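Notes for the one structure printed next.
The values are calculated or read from the model by the stated rules, or taken from the named source; none is laboratory data. Note that the structure is a prediction, hence the values are computed from the model and not measured. Because the Cβ atoms are built from the backbone with ideal geometry, glycine has one as well, and the counts that use them run over all protein chains shown. For accessibility, only protein heavy atoms count, side chains too; no ligands or nucleic acids. Shrake-Rupley method; radii C 1.70, N 1.55, O 1.52, S 1.80 Å.
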Amino acid sequence: MMDMREAPTDAATPPDGDTWELRLYVAGHTTKSVTALANLKRYCEQYLAGRYTLDVIDLLQHPQLAEGDQILAIPTLVRKVPEPIRKIIGDLSNEEKVLVGLDIRTRGDH
Amino acid sequence: MPEYKLAPTALPQLPKALTGIDGLDEITEGGLPLGRPTLVCGSAGCGKTLLGIEFLVRGIIDYNEPGVLMTFEETADELAANVTSLGFDLKAMQADKKLRVDHVHIDRSEIEETGEYDLEGLFIRLGYAIDSIGAKRVMLDTIEALFSGFPNEAVLRSEIRRLFRWLKDKGVTTIITAERGEGTLTRQGLEEYVSDCVILLDNRVIDQITTRRLRIVKYRGTTHGTNEYPYLITEEGFSVLPITSLKLEHTVSNEIISSGVPGLDEMFTRRGWYKGSSILITGTAGTAKTTLAASFALEACRRGERCLYFAFEESPAQLIRNMRTVGLDLQPFVDQGALIIEASRPTLNGLERHLVTVHKLIKEHEPQTVVIDPISNLVSVGSLSEVRSMLTRLIDFLKVSNITALFTALVSARDGRMEMTEEGVSSLVDTWISVRDLEGIGERNRGLSILKARGMAHSNQVREFLVTDNGIQLLDVVIGPMGIITGASRLTQRMQEQAQLVAQQHELSRRDRELERKRRVLEATIENLRTEFESVEEELRQVNNEEHARHEALSSKRHTMGHSLTTNTPATPDPQHSA
């Protein structure tokens, strides 16, 4: 597991106290996976700095974890918190959709 | 179900995996393509899921091949509950690590598409499930659910192609189910091209009776049955019924068994029927077909065989009561379990269901004799061609199982087809007996004749028979001036014969008396003569005696005179002559 857990550090605490618990499922180092991870990191740092945790799970190494979150598509980003669970599939290159999917945009931060 | 061997060929056969499903292995000639994907498509309610699950379950139970069930629609619990009624315990199999059920839940509202993706996650899940229990069989039910979950059809189509390829590489025998589309086999028109074998299930209603049919649309690299085969979903699972067995190669017996009616046996040169043959009794209403059938069943039971009697007109109790009145007591054999009477209305089930019931009961009871009374009633639940095909299959099955079978059939006398059976089964049976009304002046009599008997010569006579208190009795043939005589004419003939006999006896006794009289007259005459003779004899004896006496006297005198002359002695008085 490429456990790249990044604890909230330097950023200010979120105004409403929400934290984002994110999990990114990938399968090896494919182009799509790498792109997705890079995109995600960028968005998180930009919009959720200090308010998120991120697990990156490589299903090639941990195939048994695919069933739990009902993963079919790769890559899939799962937003566990805040509820409800949302799944964002693809390499996350469409920033607008990712932000909407993560409920960042609707909060009117930017 | 008999196994049909593949004809040996020089080239290696496509390896196949036996499904273990009743009949399916026969029409696929050995099962589904081993290690390849098979598509099962059909509309709602066809039993696609059931076919797939049974494939997995039979694999686990019969062939010890673990299986993976990936379901996109129902949850594992729902599936387990659905097949409990069939006696499949999915939970126990899962606990034994023989089966793995993976429910794939797709909710489009949860999914946001943000760029390029593929379905590697599905492959990984499936791969993990297969590897974790060493599965040889896989079922995906139904793959189209993916299309509702993911918006990008192009990706899906290429991924499904990849999935089929991947399954082949994985070497698992797979069943993939798909909904039937408009004018195409599947909604997406994709899966049928990438599958090695496509089975189409169809559910149609004709005259308010549902028939399910299965057809193998394609099967790469092998021959297969191409017809539509009826199939059923029974309490024991999926059951496909091949219309006809592919070859006529059943073994035959040379043993002869009695029909249960001694007079009828006499009409055949070998005094009975071949064991394992099929016998048809046709006749109009009220010609004692059932009584003949019951006699046969009873005789079979007496021989120690087990007999299965399908009654489509009467309840067992009624049949037993009615047969008792003609001296056929079936009850003891029913109590012993030698005679099993299975009564149901033909309309209770469709034809296929009847056929399966017959198959099932035969497998359960393993009888040596089967009676179906009557087959003609089945026409009420199916068209003629369907009944014919059903009976063909039934007769085939019975012959292959070496079971002696007797069928009765009602024929209509009005339409002039006395010697035709509507179902056209007469060509299938070995022995055909016709019973009919012989209608004379003011009366009906029953006549019996043999129309055909394969493999033995038989009487050509129409024999009158009676249903007596002791069963069926064939009467002797009486030939009158106009041919064979029956009924009242027979009685008349007999009375005439009796009158003649009486007259003859009268004549005979009259002659006897005459003789007696003559004898007495002669005896009297003889007596007279004897009396006459006696009197004559008496007279003669009298004369004789006198003659004798005189002779004596004479000689005595002569002696006396001679003595006195020679001796000259004084004469003494001679007492003899002085008197």
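Considering only the stretch B:148-159, I want to know if a residue exists there that is at the interface with another protein chain (Cβ under 9 Å from one of its Cβ atoms), farther than 24 Å from A:Val34 by Cα and modelled with pLDDT under 90.
yes
Only residues in the stretch B:271-282 that are farther than 15 Å from B:Ala300 by Cβ and without any contact (Cβ under 8 Å) to a residue 60 or more places away in the chain count as the first member; pair them with residues that are of a type outside the set (A, V, I, L, M, F, W, C) and open to solvent by less than 10 Å² (accessible area, probe 1.4 Å), Cβ under 9 angstrom, at least 6 apart or cross-chain, and list the lot.
none
Kindly provide the set of residues from the stretch B:326-350 that are farther than 18 Å from B:Ala300 by Cβ and touching a residue at least 40 places away in the same chain (Cβ under 8 Å), ordered by number.
B:Gly350
So how many residues does the stretch A:67-94 have that are at the interface with another protein chain (Cβ under 8 Å from one of its Cβ atoms) and open to solvent by 10 Å² or more (accessible area, probe 1.4 Å)?
Qualifying residue count, the stretch A:67-94: 9.
I'd like to know if the stretch B:38-50 contains one or more residues that are in contact (Cβ under 8 Å) with a residue 40 or more places away in the chain, open to solvent by 10 Å² or more (accessible area, probe 1.4 Å), within 21 Å of B:Leu163 (Cβ to Cβ) and β-branched (Val, Ile, Thr).
Taking every residue of the stretch B:38-50 in turn, at least one turns out to be in contact (Cβ under 8 Å) with a residue 40 or more places away in the chain, open to solvent by 10 Å² or more (accessible area, probe 1.4 Å), within 21 Å of B:Leu163 (Cβ to Cβ) and β-branched (Val, Ile, Thr).
Hey, does the stretch B:79-97 have a residue that's of a type in the set (Asp, Glu) and within 26 Å of B:Arg187 (Cα to Cα)?
No, that holds for no residue.
Tell me, yes or no, whether the stretch A:63-70 has at least one residue that is touching a strand residue (DSSP E or B) at 6+ places or on another chain (Cβ under 6 Å) and farther than 22 Å from B:Arg108 by Cβ.
Yes: the stretch A:63-70 contains one or more residues that are touching a strand residue (DSSP E or B) at 6+ places or on another chain (Cβ under 6 Å) and farther than 22 Å from B:Arg108 by Cβ.
For the structure I just gave you, tell me whether B:Phe312 is buried (at least 17 other Cβ atoms within 10 Å of the Cβ) and within 14 Å of B:Leu406 (Cβ to Cβ).
yes
Got a sec? Which strands (runs of 3 or more DSSP E) wholly within the stretch B:83-156 have at least 2 residues that are within 58 Å of the chain's Cα centre (by Cα)?
So the answer is B:99-103, B:137-141.
So, in the stretch B:22-37, exactly how many residues are in a loop (DSSP other than H, G, I, E, B), open to solvent by 30 Å² or more (accessible area, probe 1.4 Å) and in contact with a strand residue (DSSP E or B) (Cβ under 6 Å, 6 or more places away or on another chain)?
1
Please tell me if B:Thr226 is assigned by TED's automatic domain parsing to the domain that holds B:Gly87, touching a Lys or Arg at 6+ places or on another chain (Cβ under 8 Å) and open to solvent by 40 Å² or more (accessible area, probe 1.4 Å).
Yes.
I'd like to verify a number: residues in the stretch B:103-125 that are within 15 Å of A:Leu60 (Cβ to Cβ), more than 7 Å from chain A (Cβ to nearest Cβ) and free of Cβ contacts under 8 Å to residues at least 40 places away in the same chain, how many?
Of the residues in that region, 0 qualify.
May I ask you to verify whether B:Arg204 is open to solvent by 50 Å² or more (accessible area, probe 1.4 Å), under 29 Å from B:His354 (Cβ atoms), part of a strand (DSSP E or B) and at pLDDT below 85?
Criteria met by B:Arg204.
Is it the case that some residue within the stretch B:162-181 is surrounded by 15 or more Cβ atoms within 10 Å (Cβ to Cβ) and among the aromatic types (Phe, Trp, Tyr)?
Within the stretch B:162-181, one or more residues are surrounded by 15 or more Cβ atoms within 10 Å (Cβ to Cβ) and among the aromatic types (Phe, Trp, Tyr).
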